[in-house]
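**Q** Sharing a structure, written as structure tokens. Questions coming.
The values are calculated or read from the model by the stated rules, or taken from the named source; none is laboratory data. No experiment lies behind these values; they were computed from the predicted model shown. Please note: Cβ atoms are built from the backbone with ideal geometry, for glycine as well, and neighbour counts cover all protein chains shown.
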Amino acid sequence: MICPKCKKAAPDEAAFCPWCGKRLTAQERKHRKRANGTGTICRLSGNRAKPWMARKNDVLIGTFETRSEALKALERLTDTQINELYNLTFSEVYERWVREHGREVSEKLLKNYELAYTQCEALHSRRMRSLRRSDYQAAVIALEEQGLSKSSCNKLRTMLRQVCEYAQMEGILHSNPADDLTTVARQKSIREIFTEEDIQKIKASSLPAAQLALIMISSGCRPGELFTVPLANCGKDHMIWGSKTEAGKNRVIPIGTDGVEAYQTLTILSTVKGGTLLVDGYGGSRNTESFRRRDWAQLMREIGREGMTPYSCRHTFITRAIRGGIDLISLEAIVGHVDKETTKLYTHLRASDLVTAVRDSTAKNAVSNKSATRKNSQISKAV
């Protein structure tokens, strides 16, 4: 509208002219005040991409590029919808998202989402529309400060982004505040293996985790495989089980000398019919995460190898097997790897191992060449 005093353009809803300060009467305004209970539309100050703000019942509906868009948003929403959608907590939105999204994903992925959800408890009771990017970023940072892996942090970040994306599609949010969350770039940790001295210390330990460590070191099974193998799949000196890859499923996992005694003891103690090899006090399978945080950490402190993970047992087994001269085809079948490149990632060979391998290879080639020369000579004489 045009200010009657200075004749300059003023915002349609302005109560005062921004140029001369004259009070603009309701008759001079193009858009009159909206009726009580129908919501409020106002233009925000400053140079904004979306300067028009719509509110209703003290709830911010959103900001818009034009006044007509803000008006349509107000008219589209009833009081019931505002109370139902705009006051939903993060937990309520997450549950709605799981019900719809859960049908489209695998059971394993759904479990990853559930685990990520439990790791952001600070967000659960918060109203969804009150949460900002800083709140979601703080949840990711809190996870990093607890020492969880980058993979766990990324799973949380993915879950938060997808829940907010769902809320945006449902009209609960007008933008996705979790769209660009970041994680701290960590230096890739060097995976170490247990030395023979470490293994002797584990054998001497009376802690329950020591027995499980010996089984993993002598079999190369993944921690998750040991914790979920059914008792029915446990033989006298081997397991038939596996996970993660097609090559790893239902494979034969022999138990080596160092762990066979502990393994046989467990099979005797785990008498729950149809249960798993490792059971908790309630007859259910043990939890790998609680084992790692409590039992495993205690064992590592005792032997002076804090920082080592249960997966270090698998690295140790593969490295010891290669040092012992096992052929890669058999090793890949035991550990459930698809190709040799994957197996190489787990090996921690010393310089002396490589030198020995080269010398043995050279010696074998020399013997092979002499044998071939002798055979050719015999053939020539016969001819």
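**Q** How many residues are modelled with pLDDT of 75 or more and not hydroxyl-bearing (Ser, Thr, Tyr) if we restrict to the range 15-42?
**A** Taking the range 15-42 and keeping what is modelled with pLDDT of 75 or more, we get 15-23, 39-42.
Now narrow it down to the ones that are not hydroxyl-bearing (Ser, Thr, Tyr): 15-23, 39, 41-42.
Number satisfying all stated conditions: 12.
**Q** May I pose another question? What's the number of the only condition in (1) loosely packed, with under 11 Cβ neighbours inside 10 Å; (2) at pLDDT below 85 that residue 257 fails to meet?
**A** Going through (1) loosely packed, with under 11 Cβ neighbours inside 10 Å; (2) at pLDDT below 85 one by one, residue 257 breaks only (2).
**Q** Residue 312: hydroxyl-bearing (Ser, Thr, Tyr), within 30 Å of the chain's Cα centre (by Cα), modelled with pLDDT of 85 or more and in a helix (DSSP H, G or I), yes or no? First the steps, then the outcome.
**A** Numbers: hydroxyl-bearing (Ser, Thr, Tyr): yes; within 30 Å of the chain's Cα centre (by Cα): yes; modelled with pLDDT of 85 or more: yes; in a helix (DSSP H, G or I): yes.
The answer is yes for residue 312.
**Q** Looking at residue 157 and the list (1) of a type outside the set (Val, Ile, Thr); (2) modelled with pLDDT of 90 or more; (3) farther than 20 Å from residue 115 by Cβ, which single condition is not satisfied?
**A** (3)
**Q** Which pairs do you get when a residue that is at pLDDT below 90, found in the range 76-93, comes within reach of a residue that is among the aromatic types (Phe, Trp, Tyr), reach meaning Cβ atoms under 9 angstrom, with the pair 6+ apart or on two chains?
**A** What qualifies is 77/86.
**Q** For residue 86, state whether it is farther than 30 Å from residue 307 by Cα, in contact with a strand residue (DSSP E or B) (Cβ under 6 Å, 6 or more places away or on another chain) and crowded, with 16+ Cβ neighbours inside 10 Å. Walk me through how you get there before you give the answer.
**A** Details: farther than 30 Å from residue 307 by Cα: yes; in contact with a strand residue (DSSP E or B) (Cβ under 6 Å, 6 or more places away or on another chain): yes; crowded, with 16+ Cβ neighbours inside 10 Å: yes.
So residue 86 passes the test.
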